[in-house]
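Asker: Below is a structure I'd like to ask you about.
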Amino acid sequence: DHDDDDHDDDDHGGDDGSRSSEMTMTDQEYIAIAEELGETCYQFYKRSPSGVAPEIVQFRTGQDDFVIDAGAAHSLLRPEAVEAFYHLYRATGDNRWRSYAWEVFKALRKWARVEEGGYANLKDVRWTMEPRKNQDDRMESFFLSETMKYIYLMFAKEDPLPVDKYVLNTEAHPFPISSH
């Protein structure tokens, strides 16, 4: 009898449970994957008629590798893409990531900025007529605390939060890295 809990240690590397050396990745390989993911995030913005990414896309095979999900074409102006651009810029020094962040900022300023002050979620990123008619009457708290913070950090003359001295939590709050 072969019990489902039985396993051969050789399937997973050494006796200590570690993976074999064939499974390790270099920093360059991690960066390459991160850049591919960052490029995909950028394409969500670039291929949207307004230049603002939708909440959900559906991936497909073929020429149109993704499409905007008709039921989720709105935007809450989330930070994850510009956060990725920020970390990729800091990791690589490649100005492409700053250019992408600037394009996102320009689209947000054009479509989501409210004349009286602040920004508004968008009802449909495919809408390219009068911006005000497409603005939802709300702005998520993370928009200023994260989305705009990462855009600001991308263009600050001196990095006020060097990545070797601070770590940013999931809400983009900086915490100093302790040496102890």
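The values are calculated or read from the model by the stated rules, or taken from the named source; none is laboratory data. Just so you know, these numbers come straight off a predicted model, no measurement behind them. Cβ placement follows ideal geometry from the backbone for every residue including glycine, while neighbour counts extend to all protein chains displayed. Areas reflect the complete protein model, heavy atoms only, side chains present, ligands, DNA and RNA absent. Shrake-Rupley method; radii C 1.70, N 1.55, O 1.52, S 1.80 Å.
Asker: Compute the helix-to-body angle for 27-46: its Cα long axis versus the longest principal axis of the chain, expressed 0 to 90° and rounded to tens.
Answerer: That works out to roughly 30 degrees.
Asker: For region 44-116, run through the GluC sites (Glu not before Pro) and keep only the ones in DSSP coil with at most 10 other Cβ atoms within 10 Å of their Cβ.
Answerer: Counting only loop positions with at most 10 other Cβ atoms within 10 Å, the GluC sites (Glu not before Pro) in region 44-116 are Glu115, Glu116.
Asker: Which three semi-axes in whole Å describe the equivalent ellipsoid of region 19-125, each the square root of 5 times a Cα gyration tensor eigenvalue, listed largest first?
Answerer: Gyration-tensor ellipsoid for region 19-125: 29, 18, 11 Å.
Asker: Rounded to the nearest 10 degrees, what's the angle between the helix 80-92 long axis and the longest principal axis of the chain, both from Cα atoms, 0 to 90?
Answerer: That helix lies at roughly 60 degrees to the long axis.
Asker: Right, next: So what is the 222 nm mean residue ellipticity for the chain from helices alone, if each DSSP H run of at least 4 adds -39500 (n - 2.57) and you divide by all residues, rounding to the nearest 500 deg cm²/dmol? Intermediate results must be reported in sequence, preceding the final value.
Answerer: On the way: 4 runs with 56 residues, N = 180.
Mean residue ellipticity, 222 nm, calculated: -10000 deg cm²/dmol.
Asker: Right, next: Can you tell me the FRET efficiency between Thr92 and Phe66 if r is taken as the Cβ-Cβ distance and R0 is 25 Å, rounded to the nearest 0.05?
Answerer: E between Thr92 and Phe66, to the nearest 0.05, is 0.55.
Asker: Work out the length of the dipole vector of the chain about its Cα centre, built from +1 on the beta-carbon of each Lys and Arg and -1 on the beta-carbon of each Asp and Glu, and round it to the nearest 20 debye.
Answerer: Value, rounded to 20: 2480 debye.
Asker: Using the heavy atoms of the protein chains and a 1.4 angstrom probe, tell me the accessible area per residue for the chain in square angstrom.
Answerer: I get 67 Å² per residue for this part.
Asker: Take the Cβ-Cβ distance between Ala32 and His180 as r, set R0 to 35 Å, and report the resulting FRET efficiency rounded to the nearest 0.05.
Answerer: E between Ala32 and His180, to the nearest 0.05, is 0.55.
Asker: If you don't mind, there's one more thing I want to ask. With axes computed from alpha carbons, what is the tilt in degrees of helix 96-111 against the longest principal axis of the chain, rounded to the nearest 10 within 0 to 90?
Answerer: Helix 96-111 and the main axis of the chain meet at about 40 degrees.
Asker: With charges set only on the Cβ (+1 for Lys and Arg, -1 for Asp and Glu), what does the dipole of region 92-180 come to about its Cα centre, in debye to the nearest 20?
Answerer: 300 debye
Asker: Once the mean 1/r over all distinct Cα pairs of the chain is inverted, what Kirkwood radius in angstroms do you read off?
Answerer: About 18.9 Å for the chain.
Asker: Let me ask you something else. Accessible area of the chain with a 1.4 Å probe: how many percent of it is carbon plus sulfur?
Answerer: 49 percent
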